[in-house]
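K.L.:
Starting off with a structure, shown below.
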Amino acid sequence: MLHIGCHLSAAKGFVAMGRQALAINADTFQFFTRNPRGGNAKVLDPQDALGLRKLMEENAFAPILAHAPYTLNGCSGDEDVRAFAIRTMRDDLQRMEYLPGNMYNFHPGSHVGQGVERGIEQIAAMLDAMPLDDLHTTVLLETMAGKGSEIGGKFEELRAILDAARLGDRLGVCLDTCHVYDAGYDIVGDLDGVLARFDAVIGLHRLRAIHLNDSKNPFASHKDRHEKIGRGSIGLETFVRIVNHPLLRKLPFYLETPNELDGYAVEIAMLREAAAS
Ligand code: FE
Ligand code: FE
Ligand code: ZN
């Protein structure tokens, strides 16, 4: 069975998201740990977290995916920005301990001029500053479009972070279809070739989640603007191939398309049907 969900608003809490997911025939979801452009997270309600764990168990959910705020940049040239990133990630991961066994995804960051190598060292240092002994969350590096000085637009850069950080098996990768296509990996013309490349450089066992997004921009545009499934430059056929691919179909899929709940419900129904046939 296809494991699929979408990005949901965390405003009403964990159980509310679980119920919303059920209402649109999803069996997982993604949420921001805090305002994507801001700082503070709201107070965590342990009962609410417990309620979600129960709901997930009763409904055989796939792991859910927490997404770090966009402002988290562990490889900024500014020391204060890096310190904020460490504090925020530590706080996020401590909160995730109320939901053990799930996943936390972050954008590796933008080095803003200091260079990829220095940036990778700083990202690994941030990860090493996490409470590694008390961590029951898989941390995921997201593949990026390679916009500006973004790190993670090349598989080799993610490999270098995996090698430099001490998290070991608790560090994985989330592949974003819009980002990799914009970055110049041709999942439309040669999906098998891209997966072979991923396997050779990173290792497919590190691939733990997929963000399903079509792209508003052409191949290798380095832009990162998501489009509804089937309405962009990637196209429905490729998504049907992705959710049915023997190397991918058991992974959890998360939609981050420009949709409200009803639009997500349509995409989930469409992909479930495509995966069943
Ligand atoms: Fe993201
Ligand atoms: Fe994404
Ligand atoms: Zn994106």
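The values are calculated or read from the model by the stated rules, or taken from the named source; none is laboratory data. Just so we're clear, the structure is a prediction, and the values are computed from it rather than from any experiment. Note: ideal-geometry Cβ built from the backbone for every residue, glycine included; neighbour counts use all protein chains shown. Accessible surface areas use protein heavy atoms only, side chains included; no ligands, DNA or RNA. Shrake-Rupley method; radii C 1.70, N 1.55, O 1.52, S 1.80 Å.
K.L.:
Could you sort 138, 177 by accessible area so the largest value comes first, with the probe set to 1.4 Å? Don't skip to the answer; put the middle values down first.
P.N.:
Numbers: 138 30, 177 0 Å².
Listed by decreasing accessible area, they come as 138, 177.
K.L.:
Among 226, 111, 205, which one shows the biggest mean-square fluctuation in a GNM of the chain, springs joining Cα atoms closer than 10 Å?
P.N.:
Comparing 226, 111, 205 in the GNM, the peak value goes to 205.
K.L.:
Here's a follow-up. Given charges of +1 on the Cβ of Lys and Arg and -1 on the Cβ of Asp and Glu, with all other atoms neutral, how large is the dipole of the chain about its Cα centre, in debye to the nearest 20?
P.N.:
I would put it at about 340 debye.
K.L.:
Next question. Please list, short to long, the whole-number percent of alpha-carbon pairs of the range 1-126 in consecutive 5 angstrom bins beginning at zero.
P.N.:
Calculated P(r), rounded to whole percents: 2, 11, 20, 21, 15, 12, 9, 6, 3, 0.
K.L.:
Taking all protein chains in place and a 1.4 Å probe, what share, in percent, of the accessible surface of the range 210-271 do carbon and sulfur account for?
P.N.:
Values: 1560 of 2860 Å².
Summing carbon and sulfur atoms, their accessible area is 55 percent of the total for the range 210-271.
K.L.:
Out of 259, 114, 127, whose Cα points farthest toward the positive end of the dipole of the chain (charges: +1 Lys, Arg; -1 Asp, Glu; placed on Cβ)?
P.N.:
Checked the options; the winner is 259.
K.L.:
Over the chain, give the accessible area per residue in Å² for a 1.4 Å probe, as an integer.
P.N.:
Counting only protein heavy atoms, the per-residue value for the chain is 43 Å².
K.L.:
Something else: Apply the Debye scattering formula to the range 3-276, with a single equal point scatterer on each alpha-carbon and no solvent, then give log10 I(q)/I(0) at q = 0.13 Å⁻¹.
P.N.:
-0.83
K.L.:
Right, next: Please find the FRET efficiency linking residue 22 to residue 247, where r is the Cβ-Cβ separation and R0 is fixed at 41 Å, and quote it to the nearest 0.05.
P.N.:
So the FRET efficiency works out to roughly 0.90.
K.L.:
Quantify, in whole percent, the carbon and sulfur part of the accessible surface of the range 1-76 (1.4 Å probe; protein heavy atoms only). Write down the numbers at each step before the final one.
P.N.:
Numbers: 1840 of 3540 Å².
The nonpolar share, carbon plus sulfur, comes to 52 percent.
K.L.:
Can you tell me what share of the DSSP beta bridges in the chain is antiparallel? A percent to the nearest 5 is fine.
P.N.:
Around 10 percent of the beta bridges assigned by DSSP in the chain are antiparallel ones.
K.L.:
Here is a follow-up. Counting only other residues whose beta carbon sits under 10 Å from that of residue 247, what net charge do I get with K and R as +1, D and E as -1? Provide the component values of the computation, followed by the final result.
P.N.:
On the way: positive: 249, 250; negative: 192, 199.
Charge balance in the 10 Å sphere: 0.
K.L.:
Could you rank 266, 43, 240 by how accessible they are, 1.4 Å probe, largest area first?
P.N.:
The residues order as 43, 266, 240, largest area first.
K.L.:
Then there's this: How many lysine pairs does the chain hold where the Cα atoms are under 29 Å apart and the two sit 8 or more places apart or on different chains?
P.N.:
Value for the chain: 16.
K.L.:
On the protein heavy atoms, probe 1.4 angstrom, tell me the percent of accessible surface of the range 163-209 carried by carbon and sulfur.
P.N.:
44
K.L.:
Still on this structure, please answer the following. Which residues does the label zone of residue 273 cover in the range 18-56, counting backbone N under 17 Å from a point 7 Å along Cα→Cβ?
P.N.:
Label zone hits: 24-26.
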